[in-house]
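Input: a single structure, listed below in structure tokens.
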Amino acid sequence: MNTPKELRYSEEHEWVKVEGNKVRVGITDFAQSELGDIVFVELPEAGDKVTVNEPFGSVESVKTVSELYAPISGKVVEVNEELNDNPEFVNESPYEKAWMIVIEPSDISEVDNLMTAEQYEEMIKED
Amino acid sequence: MNEALSLLHQEEWRVIDQSALGVHFSALQSFGIDDALCASVGSGLAPATARSWVHHRTIVLGIQDSKLPYLEDGLKFLESKGYQYIVRNSGGLAVVLDEGVLNLSLILPEKEKGIDINRGYETMWLLVKEMFADFQKEIEAGEIYGSYCPGSYDLSIGGKKFAGISQRRLRSGAAVQIYLCVNGSGSERAQLLKEFYSISKKQIQTKFQYPNIIPDVMASLSELLGVSLNIQDVMLRFLKVLKQYSGNFNAGQLTGEEIPLFYSYYDRVIERNEKMLGLIAD
């Protein structure tokens, strides 16, 4: 299972990449492998507000629909529109092509509450 | 299957029977209720809950259906046939609900194990097998080509599908939902959706593959078992099996804590439905 060391992780299987004063968000390799083939990704619009641990969208696979939970609060400033037509990117490239949203955090220190790669790996091992 | 059995065994099962609420009970309400139950069961506010529900002449579309190139034409066709339509928030493609179709939801806490999707499906399959065990017909799970909303957990007898299962996960709760075609003609329901897809897609090549429906592969339980079954008969079978797996079995409704949750999720379901159907106007 691929868990890049430079990213932070939420208990709801989202990854977070800090890029200056913004964060990029997607779902982890573990999550996509458990969900199976992704057929639809429902995302918010740029300008929408998201709240930590509250849903910001959903991802539909051939097996189930799962909510996506914001790992951090803030304003959505970018949305990956490519996923509308290419939901399979989530399976093929969860950390690169399948980033989902970019958030301008209201409090960047919330990132410190997220897990490190080692902690996340430990959590999914327990699952 | 043992893992599925362990999920069916719950210290307490609460049953919410909404199978006879009538024509004004909207499928949108049903999906809002299951979301509220996922949140309450997932957070430990409520015990594992089974809900039964019936809706009158409603086509429940899947998210991908909202991308059909001529969806507006398809929706007009459904209206002309006297059907309402909504877009559901759990997976899959269009299915037909009417007075001969019983829906069951099992709302389970995810506390025992994180994401384990197949276990939810296996649990529902096991429940249905036990409900109809006395007929001694093998109920198989596996995709039925030519059925509407095909999936790995299509339930069939002798190659004919009578039920489909979907799942939704929210707030540490999982809703496993099944529609059971109890009576009426399975092939007529399938014919309706065949025409819907033909009108909504026409000859356009779409990235997503929509089902090529073969009406004869769908049937109702009454047709497959050779007996006349009604919703109440199947409800009794359902309650009998569930009771045998429960330490404490009780009938209930949404609690005072769940009602505001319902209103909040119901608003989301309505908003989302409008957004999904609104996409067709873009």
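The values are calculated or read from the model by the stated rules, or taken from the named source; none is laboratory data. All values derive from a computational prediction rather than experimental measurement. Here Cβ is always computed from backbone atoms with ideal geometry, including for glycine, and neighbour counts include all displayed protein chains.
Among the residues of region B:128-154, how many are within 14 Å of chain A (Cβ to nearest Cβ), assigned to a loop (DSSP other than H, G, I, E, B) and free of Cβ contacts under 8 Å to residues at least 24 places away in the same chain? Steps first, please.
First, pick out the residues of region B:128-154 that are within 14 Å of chain A (Cβ to nearest Cβ): B:141-143, B:149-154.
From what is left, the residues that are assigned to a loop (DSSP other than H, G, I, E, B) are B:142-143, B:149-154.
Still in the running and free of Cβ contacts under 8 Å to residues at least 24 places away in the same chain: B:142-143, B:154.
Result for region B:128-154: 3.
Consider A:Y69 carefully, then state whether it is closer than 20 Å to A:E11 by Cα, modelled with pLDDT of 95 or more and of a type outside the set (A, V, I, L, M). Before you say what the answer is, go through the steps one by one.
Details: closer than 20 Å to A:E11 by Cα: yes; modelled with pLDDT of 95 or more: no; of a type outside the set (A, V, I, L, M): yes.
No: the conditions fail for A:Y69.
For (1) farther than 21 Å from A:N2 by Cα; (2) surrounded by 19 or more Cβ atoms within 10 Å (Cβ to Cβ); (3) free of Cβ contacts under 8 Å to residues at least 12 places away in the same chain; (4) more than 14 Å from every other protein chain (Cβ to nearest Cβ), each residue gets a yes or a no:
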site: A:E45; (1), (2), (3), (4): yes, no, no, no
site: A:K49; (1), (2), (3), (4): yes, no, no, yes
site: A:S58; (1), (2), (3), (4): yes, yes, no, no
site: A:V65; (1), (2), (3), (4): yes, yes, yes, no
site: A:L68; (1), (2), (3), (4): no, yes, no, no
site: A:V76; (1), (2), (3), (4): yes, yes, no, yes
site: A:N80; (1), (2), (3), (4): yes, yes, no, yes
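Residue check: is B:N118 without any contact (Cβ under 8 Å) to a residue 12 or more places away in the chain and within 14 Å of another protein chain (Cβ to nearest Cβ)? Don't jump to the end; show me each part of the working.
On the way: without any contact (Cβ under 8 Å) to a residue 12 or more places away in the chain: yes; within 14 Å of another protein chain (Cβ to nearest Cβ): yes.
Yes.
Of the residues B:E112, B:E79, B:E130, which is on the phi < 0 side of the Ramachandran plot and at pLDDT below 95?
Details: B:E79 fails: at pLDDT below 95; B:E130 fails: at pLDDT below 95.
Matching residue, one of B:E112, B:E79, B:E130: B:E112.
Tell me which of these B:G256 doesn't satisfy, since it passes every other one: (1) farther than 21 Å from B:V54 by Cα; (2) touching a Lys or Arg at 6+ places or on another chain (Cβ under 8 Å); (3) exposed (fewer than 12 other Cβ atoms within 10 Å of the Cβ).
Tallying (1) farther than 21 Å from B:V54 by Cα; (2) touching a Lys or Arg at 6+ places or on another chain (Cβ under 8 Å); (3) exposed (fewer than 12 other Cβ atoms within 10 Å of the Cβ), B:G256 fails exactly one: (2).
Could you check region B:50-72 and list, in sequence order, the residues that are of a type in the set (A, V, I, L, M), modelled with pLDDT of 95 or more and farther than 18 Å from B:Q191 by Cα?
Correct list: B:A50, B:V54.
Please go through region B:83-99 and give me each residue that is in a loop (DSSP other than H, G, I, E, B), in contact with a Lys or Arg (Cβ under 9 Å, 6 or more places away or on another chain) and either away from every other protein chain (no Cβ under 14 Å) or of a type in the set (K, R) (or both), ordered by number.
First, the residues of region B:83-99 that are in a loop (DSSP other than H, G, I, E, B): B:83, B:88-94, B:98-99.
In the following step, the residues that additionally are in contact with a Lys or Arg (Cβ under 9 Å, 6 or more places away or on another chain) were identified as B:83, B:88-91, B:98-99.
Across region B:83-99, the qualifying residues are B:Y83, B:R88, B:D98, B:E99.
Within the bounds of region B:41-59, is there any residue that is surrounded by 17 or more Cβ atoms within 10 Å (Cβ to Cβ) and assigned to a helix (DSSP H, G or I)?
Yes, region B:41-59 has at least one match.
Just to be sure, is B:I178 of a type in the set (A, V, I, L, M, F, W, C), under 20 Å from B:V101 (Cβ atoms), surrounded by fewer than 24 Cβ atoms within 10 Å (Cβ to Cβ) and within 14 Å of chain A (Cβ to nearest Cβ)? Give the derivation first.
Numbers: of a type in the set (A, V, I, L, M, F, W, C): yes; under 20 Å from B:V101 (Cβ atoms): yes; surrounded by fewer than 24 Cβ atoms within 10 Å (Cβ to Cβ): yes; within 14 Å of chain A (Cβ to nearest Cβ): yes.
Yes: the conditions hold for B:I178.
Could you tell me which of the residues A:N86, A:N53, A:N113, A:N21 is of a type outside the set (V, I, T) and surrounded by 15 or more Cβ atoms within 10 Å (Cβ to Cβ)? Show your work before the answer.
Working: A:N53 fails: surrounded by 15 or more Cβ atoms within 10 Å (Cβ to Cβ); A:N113 fails: surrounded by 15 or more Cβ atoms within 10 Å (Cβ to Cβ); A:N21 fails: surrounded by 15 or more Cβ atoms within 10 Å (Cβ to Cβ).
Sole residue among the options that is of a type outside the set (V, I, T) and surrounded by 15 or more Cβ atoms within 10 Å (Cβ to Cβ): A:N86.
Output the residues belonging to region B:64-77 that are touching a residue at least 60 places away in the same chain (Cβ under 8 Å) and either surrounded by fewer than 24 Cβ atoms within 10 Å (Cβ to Cβ) or of a type in the set (K, R) (or both).
The answer is B:Q64, B:S66, B:K67, B:P69, B:Y70, B:L71, B:E72, B:D73, B:L75, B:F77.
Could you go through region B:102-115 and let me know if any residue there is away from chain A (no Cβ under 13 Å), farther than 18 Å from B:R169 by Cα and among the small types (G, A, S). Show your work before the answer.
Let us first name the residues in region B:102-115 that are away from chain A (no Cβ under 13 Å), namely B:102-107, B:109.
The next check asks that each one be farther than 18 Å from B:R169 by Cα; those that pass are B:102.
With the extra rule that they be among the small types (G, A, S), the set shrinks to none.
Scanning region B:102-115 turns up no residue that is away from chain A (no Cβ under 13 Å), farther than 18 Å from B:R169 by Cα and among the small types (G, A, S).
Filter region A:2-43 for residues that are within 14 Å of another protein chain (Cβ to nearest Cβ) and either among the aromatic types (F, W, Y) or at positive phi (or both) and give the result.
Narrowing region A:2-43 to residues within 14 Å of another protein chain (Cβ to nearest Cβ): A:9-14, A:27-43.
Hits for region A:2-43 are A:Y9, A:H13, A:F30, A:G36, A:F40.
How many residues are farther than 21 Å from B:L75 by Cβ and either in contact with a Leu (Cβ under 9 Å, 6 or more places away or on another chain) or in contact (Cβ under 8 Å) with a residue 60 or more places away in the chain (or both) when one looks only at region B:193-215?
The number of residues fulfilling the criteria is 1.
Taking the conditions exactly as written (surrounded by 24 or more Cβ atoms within 10 Å (Cβ to Cβ), modelled with pLDDT under 95 and over 14 Å from the mean Cα position of the chain (by Cα)), does B:D35 satisfy them or not? Step through it out loud before you land on a result.
Working: surrounded by 24 or more Cβ atoms within 10 Å (Cβ to Cβ): yes; modelled with pLDDT under 95: yes; over 14 Å from the mean Cα position of the chain (by Cα): no.
So B:D35 fails the test.
Looking for whichever is modelled with pLDDT of 90 or more, within 14 Å of chain A (Cβ to nearest Cβ) and under 30 Å from A:E60 (Cβ atoms) here; the options are B:Y266, B:Y210. Which one fits? Explain how you work it out, then say what you get.
Working: B:Y266 fails: within 14 Å of chain A (Cβ to nearest Cβ).
Just a single option satisfies the conditions, and that option is B:Y210.
For region A:93-110, name all the residues that are surrounded by fewer than 19 Cβ atoms within 10 Å (Cβ to Cβ) and in contact with a strand residue (DSSP E or B) (Cβ under 6 Å, 6 or more places away or on another chain).
If the condition is that a residue be surrounded by fewer than 19 Cβ atoms within 10 Å (Cβ to Cβ) and in contact with a strand residue (DSSP E or B) (Cβ under 6 Å, 6 or more places away or on another chain), then A:E104, A:S106 are the ones that fit.
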